[in-house]
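A short worksheet on the structure shown next.
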Amino acid sequence: MLRGAVCLSVLALAGAAAPSAALAGELFGGVYVHDVKLPTDKSGIEGGADLQLGYRGGSILKSVGATVQPYVFGALNTSGETNYAAAGLAIKFSLGKVIYVRPGLGIAVHTGSAGRFFRTDKIAFGSRVLFEPELGLGARLNDRLSMEASWVHMSHATLFSGENPGIDNLGVRLNLAL
């Protein structure tokens with residue numbers, strides 16, 4: 001156990017000392033209003049805030065003004081409601097030197113109800129696995145830091161059951177290029 005902790009510490013220190021171009025990814029974190037009632041969902045019954053933390057990998061495809069990056073993140077709800085984790089691909093489109101838009105599409109798993117019947121106390125998603133489209137509008141603050149307004153939606157588009165209330169979360173996140 002101690003040997004594993006020492007190895008992990010050495011790897012973490014080596015990663016922190018590596019040149020930033022070698023990592024070419026970014027850490028991100030944000031705060032979201034949980035289960036905002038929008039036209040894209042049928043819920044709006046859970047509350048609290050979501051604390052999100054994630055990692056976006058380096059570019060896997062780059063063209064003029066656009067970059068494709070894999071991502072993974074987790075979100076914990078402050079009120080004990082639905083927590084979730086997602087992984088997918090995002091495309092960052094530059095709209096000049098500072099502003100950008102970043103749509104993404106992923107797959108999410110959650111801790112909420114996977115039941116198939118409408119509930120008034122908790123979202124019954126109808127499936128444990130959900131699609132996770134998202135959209136961010138951001139601004140580069142400096143070479144390593146950017147901030148974005150973000151929408152994260154989760155649902156299964158009635159592919160896994162007839163019950164599909166979905167959930168929308170709105171928030172802000174800070175991105176730190178490594």
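The values are calculated or read from the model by the stated rules, or taken from the named source; none is laboratory data. None of the values given here were measured: they were computed from a predicted structure. Note: ideal-geometry Cβ built from the backbone for every residue, glycine included; neighbour counts use all protein chains shown. These area figures cover heavy atoms from the full protein model, side chains too; ligands, DNA and RNA do not enter into them. Shrake-Rupley method; radii C 1.70, N 1.55, O 1.52, S 1.80 Å.
Candidates in region 151-171 are the residues that are touching a Leu at 6+ places or on another chain (Cβ under 7 Å) and in a strand (DSSP E or B); of these, the one that is most open to solvent (accessible area, probe 1.4 Å) is 151. Reported count of residues in region 104-118, each being surrounded by 14 or more Cβ atoms within 10 Å (Cβ to Cβ) and outside any strand (DSSP E or B), is 5. Within region 47-91, the set of residues being over 18 Å from the mean Cα position of the chain (by Cα) and surrounded by 18 or more Cβ atoms within 10 Å (Cβ to Cβ) is empty.
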